Every structure is written in C-alpha cells, then in structure tokens.
Amino acid sequence: MAKKEQKKGHCIFCGSAPLSKEHIWADWLREYIPRTYAKTNHNVNIVSGSAFESTKGKVNRPGDPHSQRLRVVCQQCNNGWMSEIQNRVKPNLSKLIIGESADLEPADRELLATWAVMFTYIWEQAEPKLITSTPEERRAFMETRLPPSGWTVWMAPYEGTLWKGRSWRRAGSTFVDSPEPTLHQSTTFAAGKIAFHTFSSPRLRIDSKLFAQDHSLYEVWPSAGNVLYLASKRRDADLAELPNMFQRAQRYFGFTLLDDRPLHALNSITGFPAS
Ligand SMILES: [Zn+2]
C-alpha cells in the first residue's frame with residue numbers, strides 16, 4: 001500500500017543487509033507466556049470495493065504464534081537498539097503480562113508505547129500488501145526511539161483466552177480531503193494479561209480520549225497526562241470491537257464516509273492459534 005517500500009532483503013529500519021530472523025513476539029516473553037499451540041493460523045483478507053479475497057499469509061505455519069519469526073531486520077539493529085528497547089521495557093511489561101499493576105511514570109509509558117510501535121512495524125511486514133509505514137518513518141523511529149507523529153497507543157488489562165497469541169491488524173486507505181487516498185492502520189494484540197491497540201495514519205486525526213472512554217482503555221501515547229491506571233478489565237469481545245474504529249469514522253475521526261467512496265480498501269489480517 002505504501003508507495004515507496006524498502007528494497008527487498010534490506011533491513012526495514014536502517015536499510016542495510018543481510019537480514020537476520022526476528023521474533024514477532026520478543027523471545028524473552030517465553031518466560032511469561034507459555035507456547036502451547038502447535039500451529040499458527042495467518043489469514044489475510046483483502047477487501048477492495050465489493051471484491052473480497054481471503055488467503056493464507058506467510059506466518060501460516062507450524063508452531064505457536066509467539067515463536068514465529070520474520071526475516072526483516074539486520075543483526076545490528078536486532079542485537080543493538082531493538083534489544084535495548086526490549087531490555088528496558090521488560091521490568092514493567094513483565095509485571096503487566098502477569099496481571100500485576102505497575103507504577104507507570106511518563107518515561108515508562110513512553111517506553112511501552114515505543115515497544116508497541118516496534119511490534120506493529122515488525123508485524124506489518126507479514127503481509128506486504130498491507131504495509132502502511134514508509135522507510136523514512138521507520139528510520140526516524142530507529143533514530144528517535146519514540147512513536148512517530150500520527151501514532152496513538154492504548155492499553156488495557158485483559159482477562160480472556162481468545163487473544164492469547166492472537167493479533168489483528170487492519171490496514172486501509174480512505175479519501176478525506178484530497179484526491180490521494182490517506183493510509184491508516186490499527187493493530188490489536190494481547191501479551192498475557194495486557195492488551196495493546198495501536199493506530200497510525202499520516203493524516204487522519206483521532207479523538208483518542210473519546211476512543212479510550214468508549215472502550216475503557218488507558219491512553220499510553222501521546223498523552224503524558226495524569227491518567228488513572230487501571231482501566232477496567234477487557235474481555236475477548238471487547239478487544240474484538242477495537243479494530244472496528246474505522247467503521248465509526250464520524251465519531252472518532254470527525255468525518256462522514258461518502259457512499260460512493262467508502263473505506264477505499266479496508267483490509268484486515270489476523271494471526272491466531274488454531275482452536
Ligand atoms: Zn538494521
């Protein structure tokens with residue numbers, strides 16, 4: 001979907017080669033999230049106008065979702081700054097994963113958001129047709145290690161079973177005020193007892209407070225305000241509602257979709273274990 005994509009075989013962050021295999025779910029999570037599924041289902045649904053196409057994605061393969069890897073980053077990034085983010089986020093994130101509360105200072109929230117954005121960047125590479133970020137944006141992320149502008153990250157304690165290892169990414173484009181379609185994506189996933197929802201778009205602006213309030217979420221980024229933790233515990237069905245944010249464009253983005261110009265290509269992608 002993005003116009004300019006990284007050259008094949010080159011790191012999605014720094015652009016160099018060769019590539020190493022990177023876990024979609026960080027490997028240290030194995031201490032906290034058992035890998036119990038024999039297979040990962042990766043379904044890719046592409047909706048364009050009235051056409052609908054459903055295929056199996058590249059992560060449709062044996063093994064638990066948490067053990068899946070993609071060859072998209074170089075070893076230097078993997079073992080360098082990315083590993084640093086993992087090490088720094090671990091103390092707080094590991095508490096949240098097992099359902100303990102954590103005292104989150106602004107710097108901790110920033111780090112959790114950065115981690116969730118990094119997860120989203122890796123995950124979006126699983127389906128090239130649904131990539132919305134640009135190489136420039138990802139390079140800036142590598143340099144600043146902060147969510148780029150246009151990104152929002154929410155979090156909520158989660159009690160359920162369906163989203164163990166499941167993530168749902170929805171990417172698409174819509175016409176707002178320009179002949180060029182505007183890209184957007186959202187990614188929903190849970191890590192143990194904490195759920196994340198990320199949204200990004202270079203042009204769509206979301207009313208993040210309203211979205212948080214409607215869904216009992218805790219805004220992690222860009223809010224640096226004094227937000228009360230914890231939001232109420234979210235269940236399986238609650239998380240399933242989050243990817244529908246684009247269907248309520250008037251409420252969250254402040255515009256009405258025109259009948260003849262609906263969400264131009266509302267694409268979705270799921271990865272979850274076999275039942
Ligand atoms: Zn790299």
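Which one of GLU22, GLU53 is in contact (Cβ under 8 Å) with a residue 40 or more places away in the chain and of a type in the set (Asp, Glu)?
Values: GLU53 fails: in contact (Cβ under 8 Å) with a residue 40 or more places away in the chain.
None of the others qualify; the one that does is GLU22.
Only one of GLU110, GLU100 is assigned to a loop (DSSP other than H, G, I, E, B), modelled with pLDDT of 90 or more and out of contact with any helix residue (DSSP H, G or I) (no Cβ under 8 Å at 6 or more places or on another chain); which? Exactly one residue qualifies, and that residue is GLU100.
Here ARG203, ARG139 are screened, and the one residue that is part of a helix (DSSP H, G or I) and surrounded by fewer than 22 Cβ atoms within 10 Å (Cβ to Cβ) is ARG139.
May I ask you to say which residue of PHE246, PHE253, PHE211 is open to solvent by less than 70 Å² (accessible area, probe 1.4 Å), over 25 Å from ASP27 (Cβ atoms), modelled with pLDDT of 90 or more and not acidic (Asp, Glu)?
On the way: PHE246 fails: modelled with pLDDT of 90 or more; PHE253 fails: modelled with pLDDT of 90 or more.
Matching residue, one of PHE246, PHE253, PHE211: PHE211.
Looking only at the stretch 6-46, count every residue that is within 16 Å of the ligand (Cβ to nearest atom), at pLDDT below 85 and either in contact with a helix residue (DSSP H, G or I) (Cβ under 7 Å, 6 or more places away or on another chain) or among the small types (Gly, Ala, Ser) (or both) and tell me the total. Number of matching residues: 1.
In summary, ARG145 fulfils each of the numbered conditions (1) surrounded by fewer than 19 Cβ atoms within 10 Å (Cβ to Cβ); (2) in contact with a Lys or Arg (Cβ under 7 Å, 6 or more places away or on another chain) with the single exception of condition (2).
Annotation note: of TRP115, TRP163, TRP168, TRP151, the sole residue that is under 24 Å from ARG205 (Cβ atoms), at pLDDT below 95 and not β-branched (Val, Ile, Thr) is TRP168. Answer yes if at least one residue in the stretch 157-174 is over 18 Å from ALA240 (Cα atoms) and either crowded, with 19+ Cβ neighbours inside 10 Å or not hydrophobic (A, V, I, L, M, F, W, C) (or both), and no otherwise. Yes. Residues in the stretch 48-104 that are open to solvent by less than 60 Å² (accessible area, probe 1.4 Å) and within 16 Å of the ligand (Cβ to nearest atom): LEU70, VAL72, VAL73, CYS74, CYS77, ASN78, GLY80, TRP81, MET82, SER83, ILE85, GLN86. Return the residue satisfying two criteria in turn: it lies in the stretch 125-142 and is farther than 15 Å from LEU70 by Cβ and among the aliphatic types (A, V, I, L, M), and of such residues it is nearest to the ligand (Cβ to nearest atom). So the residue we want is MET142.
When the residues of the stretch 113-136 are filtered to those that are in a loop (DSSP other than H, G, I, E, B) and of a type in the set (S, T, N, Q), the one that is farthest from ARG234 (Cα to Cα) is THR134.
As a summary of the residue check, ASP27 satisfies the conditions (1) in contact (Cβ under 8 Å) with a residue 60 or more places away in the chain; (2) closer than 21 Å to CYS11 by Cα except for the one numbered (1). Here TYR32 fulfils each of the conditions (1) open to solvent by less than 30 Å² (accessible area, probe 1.4 Å); (2) touching a Ser or Thr at 6+ places or on another chain (Cβ under 9 Å); (3) among the hydroxyl-bearing types (Ser, Thr, Tyr) apart from (1).
The values are calculated or read from the model by the stated rules, or taken from the named source; none is laboratory data. Just so it is clear, the structure is predicted and the values come from calculations on it, not from any experiment. Don't worry about glycine lacking a Cβ; one is built from the backbone with ideal geometry, like all the others, and counts go over all protein chains shown. Side chains included, ligands, DNA and RNA excluded: accessible areas come from the protein's heavy atoms. Shrake-Rupley method; radii C 1.70, N 1.55, O 1.52, S 1.80 Å.
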